[in-house]
Amino acid sequence: MPMTHTDNAAWNARDLAVLWHPCTQMHDHGDGVAANHAIPLLPIRSAQGAWLTDMDGKRHLDAVSSWWTCLFGHRDPRLVAALERQLHELDHVLLAGFGHAPAIELAEALLRVAPPGLAKVFYADNGSAAVEVALKMAFHFHRNQGDGRRTKFIALHGGYHGETLGALAMTDIPLYRKTYAPLLLEPLLAPSPDAYLGEAGQSPQDCARRVAEGLREVLERHGDEVCALIVEPLVQCAGGMRMHHPTYLTEARKLCDAHGVLLICDEIAVGFGRTGTLFACEQAGISPDLMLLSKGLTGGMLPLSAVLTTQRIYDAFYADYAASKAFLHSHSYTGNPLACAVAREVLRTFASEPIIERNRVTSATMARLAAPLAEHPHVAQVRQTGMILAIEMAADARTRTPWPAQERRGLRAYRHALARGVLLRPLGDVLYWMPPYCVDEDELHLLAQVSAEAIDAASA
Ligand SMILES: *Cc1c(COP(=O)(O)O)cnc(C)c1O
């Protein structure tokens, strides 16, 4: 690495001395990597709107909303003010035996806008923890009803639900899961409804219907051993922004009901307007038994997650203490007032501003600006669901032949974009845009321009 004496370099040296970064081979940032392969480590000083500013004062467009958390833009004034107000009232209190306005008001607000039938809110502090809660709750629900045979879960091929052991077990991405496989629960895997995998000439809806048949087969064989099916509605995000038709969810709901299986909709990434509706499962006209929220829940400001569930599930736990039916799960920061106050302001923002309508205009602009990229000889598909747009790069676009994974083509795109002041962080060879909702037309033009260059850089 060139030893330039910039603030970035000085912070990076201190960083590498003490930090171990998430989802990172630290060697990629280390001294031993040839300069043309090293991945720059970016120390960020501040953020505003769609932009991050590094320690050298260079600005970077946050086209991935800081891992899909940032909704309205960084340091959104309404959210900052809500956090400041709450800081003067109550920092934290345990939620066992105690309550507080932010937790109560947020739960009320969530249930007002959630799909019908969801009646109770259980808090946790990150997405994976919400997945753990949902898995335990689903299993325990059946057990409390005297059905101890239901010990299995169904997950989808290509799905992602987090990194803790239970959540990772439900994840079907070998890169993250394979090493830990000996430690993990083994879900039954049902086929992915990903429309990209559909046969030639098949519409996304036909693909969804055919794939639902695969789910039916799993349920017909194992239905009475299964607690729950867990899905990412409409977009399997970490698996490569793989998109499916809402019909799949409608069918999955029917099949779960027919087999007494609970449906867990993991809306951790797709909730809060990402797919064009406040929640993705609205587009299928279904209500899950358990709905998981995190990431955008606080607009990207603080860690918080929520598991929304039905009165029926709640009631199965409600009994005399001696019946041993209680859900004795907790995290120290369950329902943290600061995080809840910010999340409550997120919901107030949705209620008082036409966010979803404005996003419709923004996503149409995204579609228009991305359309020319589809013509690139190394772009196999450009796909979009609301505010998520993905560009599938391939060695051969026509035959959809991927590049060998070890070539890390996506990384070349990342490096190029970063040099141009745009934070694009491809998933493998899938380049995607998932910008904060405040992104404007000029910023989207920059994003499209740099994406075109990044695809050239990746495929050179
Ligand atoms: C990010 C994500 C999770 C895990 O959330 P963390 O807060 O990172 O633990 C779970 N499910 C989905 C769909 C996600 O995108």
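The values are calculated or read from the model by the stated rules, or taken from the named source; none is laboratory data. Only a predicted model underlies this, so the values are computations on that prediction, with no experimental measurement involved. Positions of Cβ are backbone-derived with ideal geometry, glycine not excepted, and every protein chain shown enters the neighbour counts. What goes into the accessible areas is simple: the full protein's heavy atoms, side chains included, and nothing from ligands, DNA or RNA. Shrake-Rupley method; radii C 1.70, N 1.55, O 1.52, S 1.80 Å.
Look at residue 271 and say whether it is under 19 Å from the mean Cα position of the chain (by Cα) and either of a type in the set (A, V, I, L, M, F, W, C) or within 14 Å of the ligand (Cβ to nearest atom) (or both).
On the way: under 19 Å from the mean Cα position of the chain (by Cα): yes; either of a type in the set (A, V, I, L, M, F, W, C) or within 14 Å of the ligand (Cβ to nearest atom) (or both): yes.
Yes, satisfied.
Condition check: within 29 Å of residue 86 (Cα to Cα), in a loop (DSSP other than H, G, I, E, B) and open to solvent by less than 50 Å² (accessible area, probe 1.4 Å). Does residue 193 satisfy that? Spell out the reasoning first.
On the way: within 29 Å of residue 86 (Cα to Cα): no; in a loop (DSSP other than H, G, I, E, B): yes; open to solvent by less than 50 Å² (accessible area, probe 1.4 Å): yes.
The answer is no for residue 193.
Taking the conditions exactly as written (within 16 Å of the ligand (Cβ to nearest atom) and not assigned by TED's automatic domain parsing to the domain that holds residue 68), does residue 209 satisfy them or not?
Numbers: within 16 Å of the ligand (Cβ to nearest atom): no; not assigned by TED's automatic domain parsing to the domain that holds residue 68: yes.
Answer is no for this residue.
In the stretch 53-67, what residues are open to solvent by less than 20 Å² (accessible area, probe 1.4 Å) and touching a residue at least 60 places away in the same chain (Cβ under 8 Å)? Talk me through it step by step, then tell me what you get.
In the first step, residues of the stretch 53-67 are kept if they are open to solvent by less than 20 Å² (accessible area, probe 1.4 Å); the result is 54, 60-65.
Residues satisfying the conditions are 60, 61, 62, 63, 64, 65.
Does residue 100 count as at pLDDT 95 or above and open to solvent by 40 Å² or more (accessible area, probe 1.4 Å)? I'd like the intermediate steps shown before the answer.
Numbers: at pLDDT 95 or above: yes; open to solvent by 40 Å² or more (accessible area, probe 1.4 Å): no.
No: the conditions fail for residue 100.
From the residues in the stretch 198-215 that are touching a Pro at 6+ places or on another chain (Cβ under 9 Å) and in contact (Cβ under 8 Å) with a residue 24 or more places away in the chain, which one is surrounded by the most Cβ atoms within 10 Å (Cβ to Cβ)?
Step by step, filter the stretch 198-215, then rank; the result is 211.
Only one of these conditions is not met by residue 285: (1) within 18 Å of the chain's Cα centre (by Cα); (2) over 22 Å from residue 226 (Cβ atoms). Which number is it?
Of the numbered conditions (1) within 18 Å of the chain's Cα centre (by Cα); (2) over 22 Å from residue 226 (Cβ atoms), the odd one out for residue 285 is (1).
If only one of 288, 233, 303 is within 14 Å of the ligand (Cβ to nearest atom), surrounded by fewer than 19 Cβ atoms within 10 Å (Cβ to Cβ) and not assigned by TED's automatic domain parsing to the domain that holds residue 362, which one is it?
Working: 288 fails: surrounded by fewer than 19 Cβ atoms within 10 Å (Cβ to Cβ); 233 fails: surrounded by fewer than 19 Cβ atoms within 10 Å (Cβ to Cβ).
Unique residue meeting the criteria: 303.
Does residue 177 count as in contact with a Ser or Thr (Cβ under 7 Å, 6 or more places away or on another chain) and open to solvent by 20 Å² or more (accessible area, probe 1.4 Å)? Lay out the reasoning, then the answer.
Working: in contact with a Ser or Thr (Cβ under 7 Å, 6 or more places away or on another chain): yes; open to solvent by 20 Å² or more (accessible area, probe 1.4 Å): yes.
So residue 177 passes the test.
So is residue 429 without any contact (Cβ under 8 Å) to a residue 40 or more places away in the chain and crowded, with 19+ Cβ neighbours inside 10 Å or not? Show your work before the answer.
Working: without any contact (Cβ under 8 Å) to a residue 40 or more places away in the chain: yes; crowded, with 19+ Cβ neighbours inside 10 Å: yes.
So residue 429 fits the description; yes.
What are the residues in the stretch 249-285 that are assigned to a loop (DSSP other than H, G, I, E, B), open to solvent by 10 Å² or more (accessible area, probe 1.4 Å) and over 27 Å from residue 151 (Cα atoms), if any?
276, 277, 278, 285, listed by residue number.
Report whether or not residue 231 is farther than 25 Å from residue 276 by Cα and among the β-branched types (Val, Ile, Thr). Can you show your working first?
Numbers: farther than 25 Å from residue 276 by Cα: no; among the β-branched types (Val, Ile, Thr): yes.
So residue 231 does not fit the description; no.
Is there a residue in the stretch 309-325 that is buried (at least 24 other Cβ atoms within 10 Å of the Cβ) and within 16 Å of the ligand (Cβ to nearest atom)?
Looking through the stretch 309-325, none of the residues is buried (at least 24 other Cβ atoms within 10 Å of the Cβ) and within 16 Å of the ligand (Cβ to nearest atom).
Go through (1) more than 20 Å from residue 186 (Cβ to Cβ); (2) open to solvent by less than 40 Å² (accessible area, probe 1.4 Å); (3) within 16 Å of the ligand (Cβ to nearest atom) for residue 128 and report which single condition fails.
(1)
Here is a list: 142, 161. Which entry is farther than 20 Å from residue 343 by Cα, more than 16 Å from the ligand (Cβ to nearest atom), open to solvent by less than 30 Å² (accessible area, probe 1.4 Å) and touching a residue at least 12 places away in the same chain (Cβ under 8 Å)?
Numbers: 161 fails: more than 16 Å from the ligand (Cβ to nearest atom).
Going through 142, 161 in turn, the sole match is 142.
Among the residues of the stretch 19-50, what is the count of those that are within 28 Å of the chain's Cα centre (by Cα) and open to solvent by 30 Å² or more (accessible area, probe 1.4 Å)?
If we filter the stretch 19-50 for residues that are within 28 Å of the chain's Cα centre (by Cα), which is where we start, we get 19-29, 38-50.
Now restrict to residues that are open to solvent by 30 Å² or more (accessible area, probe 1.4 Å): 19-27, 40, 42, 44-46, 48.
Qualifying residue count, the stretch 19-50: 15.
Does the stretch 182-189 contain at least one residue that is assigned to a loop (DSSP other than H, G, I, E, B), away from the ligand (no atom under 16 Å from the Cβ), buried (at least 18 other Cβ atoms within 10 Å of the Cβ) and more than 18 Å from the chain's Cα centre (by Cα)?
Within the stretch 182-189, not a single residue is assigned to a loop (DSSP other than H, G, I, E, B), away from the ligand (no atom under 16 Å from the Cβ), buried (at least 18 other Cβ atoms within 10 Å of the Cβ) and more than 18 Å from the chain's Cα centre (by Cα).
Restricting to the stretch 164-179, and then to whatever is of a type in the set (A, V, I, L, M, F, W, C) and more than 20 Å from residue 211 (Cα to Cα), can you tell me which residue is nearest to the ligand (Cβ to nearest atom)?
Restricting attention to the stretch 164-179, the residues satisfying the condition of being of a type in the set (A, V, I, L, M, F, W, C) are 165, 167-170, 173, 175.
In the following step, the residues that additionally are more than 20 Å from residue 211 (Cα to Cα) were identified as 165, 167-169, 175.
Working: 165: 12, 167: 6, 168: 10, 169: 12, 175: 15 Å.
That would be 167.
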